[in-house]
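Asker: One structure is given below, represented as structure tokens, and several questions about it will come after.
Derivation of every value follows stated rules applied to the coordinates shown; laboratory data play no part. These numbers come from a predicted model, not from an experiment. Ideal geometry is used to build each Cβ from the backbone, glycine not excepted, and the neighbour counts take in all protein chains shown.
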Amino acid sequence: MTTLTLSKALNAGLRKALENDPKVLIMGEDVGKLGGVFRVTDGLQKDFGEARVIDTPLAESGIVGTAIGLALRGYRPVCEIQFDGFVYPAADQIISQLAKMRYRSRGHVSLPIVIRIPFGGGIGAVEHHSESPEVIFAHTAGLRVVACADAADAFAMIQQSISSDDPVIFFEPKRRYWDKGEVDPVAGLASALPFDRAKTVLDGTDVTLLTYGPTVRTGLESALAARQDGRSIEVLDLRSLSPLDEDTICASVRKTGRCVIAHEAPVYAGLGAEIAARVTERCFYHLEAPVLRVGGFATPYPPSRLEDHYLPDLDRILDAVDRTFGY
Amino acid sequence: MTVESGAATTAAQPAPEMPDQAGEFIQLLTPEGERIDHPDYPLELSAADIRAMYRDLVLVRRIDTEAIALQRQGELGIWASLLGQEAAQIGSARSLEPADMVFPTYREHGVAWCRGIDPMKLLELYRGVSHGGWDPEEHKFHLYTIVIGSQTLHATGYAMGIQRDGAVGGDPPDPDDPKASARPGEAVIAYFGDGATSQGDVNEAFVFASVFNAPIVFFCQNNQWAISAPLEKQSRVPLYQRARGFGFPGVRVDGNDVLACYAVTKKAMQAAREGQGPTMIEAYTYRMGAHTTTDDPTRYRLASELEMWKLRDPIERVRAYLVRTGLAEPDFFADVDAEANQIGTRVREACRAMPDPRPLAIFEHVYAEPTSILRAEREQYAAYLDSFAGEGNEASSR
């Protein structure tokens, strides 16, 4: 075991994938010499060369579109989109091409491409650098959508995503890049939890808190604070946003009888809406209260001096938890 | 109001000018069927090769005509006709090597024909039975792409893969190795139209192909019309001149001259295979039919324009050449016509006999393995369908 920041754990996972499979490529803006604006690809071009760690022209659609061509030729590209708000120029290539090619070809074509996107707010950034667009991709059939929340998962899930024969949109919690965690860098993937499964990060009995990405840590902090009030919150890290691990989610909700969902993305038509509908359908007779959601408002992401109001924090999560006890 | 802002007008656009044939496009066979030599494009085709191209031209036009009729009869949902663009497609596609990879739009029926795609696969798509569904690697012919220009990036990425595979040809990798021989190499051809040149993806493909020196030919069929928008709505400069700004050569060819399209594409593909990077070819042609069967060109262009282009028909000039030079006997033309009739009959009958897919095929091939969500939806829908069993919807038809 070794202690790594989340970004270093991603770097280690990418390095391992590059070592294990000569078809794995990394491509994106500034991913080479600079190592990416968050240094996630630091040192990889030096060790694996410019043919495998490709500094691309500044064009997101071009990055994803040429990655598709490389995948058609048998490669496994890992694309970096520099910031969440810059993924939209690549929307046609992701939504209309990448997601649909297997279906369009009746299974003749596989596109094993990973698109890494640092997402979420909390770093005091300018506009377009703090968004949470995951539901757009979760709504697109043909894509797998995952989000890691800690260093160990970052290390394992990036490798699992690269070995997947499906396209994966891989969300990285950018304000947690510097959070440290224990990683076993020699562990194989065989013992790792499959990347389409949710995991319980804190056991509890009174209410289930479902979250993912940067809000997992917020959720854990909320649960620890709630203990002092005698409330036991079970915290689940969803990890896979498409498909959802409904069995794990529903087992927890049936146990606790209450469910709160927290994410940074706007609540309206967000992932929480889909989860609430499914939990209500499958756990109806176990619920003591309606499923509640905490998240971003139905506004664009605000200027950063206001983001603490926008982002779901400990108090807003606990407020929702309290409300589930009011029924 | 300035003079410029008064430019919006409902008046019909003037017919496009033909380029100066001596300087502004490569032509090896005039509309009258006269062979012209060009110093840069010597033609290495036998009489049999040219007869074979004539056959291709006639057969793909016949398939196209048949498909339009099938749409009119309600057998196809829609059809995008290649009428007028046969030479650009057959000439370019017949110049390719088997290992070359093709990225088409949705109108490349002539190219598909040359790559061995069963025309019924194309009809499947336009009937709504599939979204295409052939194996791109088997034919080295990618799926039809409907969003304009998206495939040019896939083509560029594929060409970048050829580079990484060490499959660009040219000089042997080790010049000191006496056993090493020059490698033939592989290259990619991306088809697109004049309208696509305005798309960001096409321009990004030009940038990526240029800076990575990718083995690719960008083959633009300038058919003068992007549905109702004439070329001047896309560009103030001739399209082939765009290439220069991206740092690779552009060449314009008479797109209705199958021999010139063959020679120009062959040379550009060879350059790409040998590591000399991209070329853009503008095949100057004309969409003689509607954009698709849902379109009505009489709303936006003059009939006289079509009449002018009929005089430059891509098939008639080859026939005139073969007749004039005696390279084909009358029997040859009769045989080709008979074959076209047979294919027409086969296409018609096979289209009408084409069954709808099973309902549960909806759920297939979304992921490598169905996800939990997908399995649940499939099971629910199967059970729903089964609830009608005995009402003529047997489970076996799922």
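Asker: Need the failing condition index for A:Arg217 against (1) among the basic types (Lys, Arg); (2) free of Cβ contacts under 8 Å to residues at least 24 places away in the same chain; (3) within 25 Å of A:Ser161 (Cβ to Cβ), just the number.
Answerer: With respect to (1) among the basic types (Lys, Arg); (2) free of Cβ contacts under 8 Å to residues at least 24 places away in the same chain; (3) within 25 Å of A:Ser161 (Cβ to Cβ), A:Arg217 is out only on (2).
Asker: Hey, another quick one. Restricting to the stretch A:146-180, name every residue that is more than 19 Å from A:Gln82 (Cα to Cα), touching a strand residue (DSSP E or B) at 6+ places or on another chain (Cβ under 7 Å) and outside any helix (DSSP H, G or I).
Answerer: Within the stretch A:146-180, A:Asp150, A:Ser164, A:Asp166, A:Asp179, A:Lys180 meet the criteria.
Asker: Output the residues belonging to the stretch B:257-272 that are touching a strand residue (DSSP E or B) at 6+ places or on another chain (Cβ under 8 Å), surrounded by 24 or more Cβ atoms within 10 Å (Cβ to Cβ) and not acidic (Asp, Glu).
Answerer: If the condition is that a residue be touching a strand residue (DSSP E or B) at 6+ places or on another chain (Cβ under 8 Å), surrounded by 24 or more Cβ atoms within 10 Å (Cβ to Cβ) and not acidic (Asp, Glu), then B:Val258, B:Leu259, B:Ala260, B:Cys261, B:Val264, B:Thr265, B:Ala268, B:Met269, B:Ala272 are the ones that fit.
Asker: Filter the stretch B:81-109 down to the residues that are among the hydrophobic types (A, V, I, L, M, F, W, C) and surrounded by fewer than 24 Cβ atoms within 10 Å (Cβ to Cβ), then identify the one that is nearest to B:Gln221 (Cα to Cα).
Answerer: B:Leu83
Asker: So, one more: Report yes if A:Pro312 is within 23 Å of A:Leu220 (Cβ to Cβ) and part of a loop (DSSP other than H, G, I, E, B), otherwise no.
Answerer: In short, yes.
Asker: Would you mind telling me which numbered condition in (1) within 13 Å of another protein chain (Cβ to nearest Cβ); (2) in contact with a Ser or Thr (Cβ under 9 Å, 6 or more places away or on another chain) B:Gly344 fails?
Answerer: Of the numbered conditions (1) within 13 Å of another protein chain (Cβ to nearest Cβ); (2) in contact with a Ser or Thr (Cβ under 9 Å, 6 or more places away or on another chain), the odd one out for B:Gly344 is (1).
Asker: If we only count helices (runs of 4 or more DSSP H) wholly inside the stretch B:96-149, which ones have 1 or more residues that are away from every other protein chain (no Cβ under 11 Å) and of a type in the set (Gly, Ala, Ser)?
Answerer: The qualifying helices (runs of 4 or more DSSP H) are B:109-114.
Asker: Please specify each residue of the stretch B:277-309 satisfying the condition of being among the polar types (S, T, N, Q) and not in a helix (DSSP H, G or I).
Answerer: Of everything in the stretch B:277-309, those that are among the polar types (S, T, N, Q) and not in a helix (DSSP H, G or I) turn out to be B:Thr279, B:Thr285, B:Thr292, B:Thr293, B:Thr294.
Asker: For the stretch B:303-313, state whether one or more residues are in contact with a Pro (Cβ under 7 Å, 6 or more places away or on another chain), surrounded by 15 or more Cβ atoms within 10 Å (Cβ to Cβ) and without any contact (Cβ under 8 Å) to a residue 12 or more places away in the chain.
Answerer: no
For (1) over 29 Å from B:Glu66 (Cα atoms); (2) buried (at least 17 other Cβ atoms within 10 Å of the Cβ); (3) over 22 Å from the mean Cα position of the chain (by Cα), each residue gets a yes or a no:
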| position | (1), (2), (3) |
| --- | --- |
| B:His291 | no, yes, no |
| B:Arg324 | yes, no, yes |
| B:Phe333 | no, yes, yes |
| B:Ala350 | no, no, yes |
| B:Asp356 | no, no, yes |
| B:Pro359 | no, no, yes |
| B:Val366 | yes, yes, yes |
| B:Asp386 | yes, no, yes |
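Asker: A further question follows. Looking at the stretch B:67-76, can you tell me whether even one residue there is more than 27 Å from B:Thr293 (Cα to Cα) and in contact (Cβ under 8 Å) with a residue 12 or more places away in the chain?
Answerer: No - not one qualifying residue is present in the stretch B:67-76.
Asker: Still on this structure, I have one more. Within the stretch A:136-159, identify whether any single residue is within 14 Å of chain B (Cβ to nearest Cβ) and hydroxyl-bearing (Ser, Thr, Tyr), and answer yes or no.
Answerer: yes
Asker: Let me ask something else. When you scan the stretch B:310-356, how many residues do you find that are outside any helix (DSSP H, G or I), out of contact with any Phe, Trp or Tyr (no Cβ under 8 Å at 6 or more places or on another chain) and under 24 Å from B:Gly91 (Cβ atoms)?
Answerer: Qualifying residue count for the region: 5.
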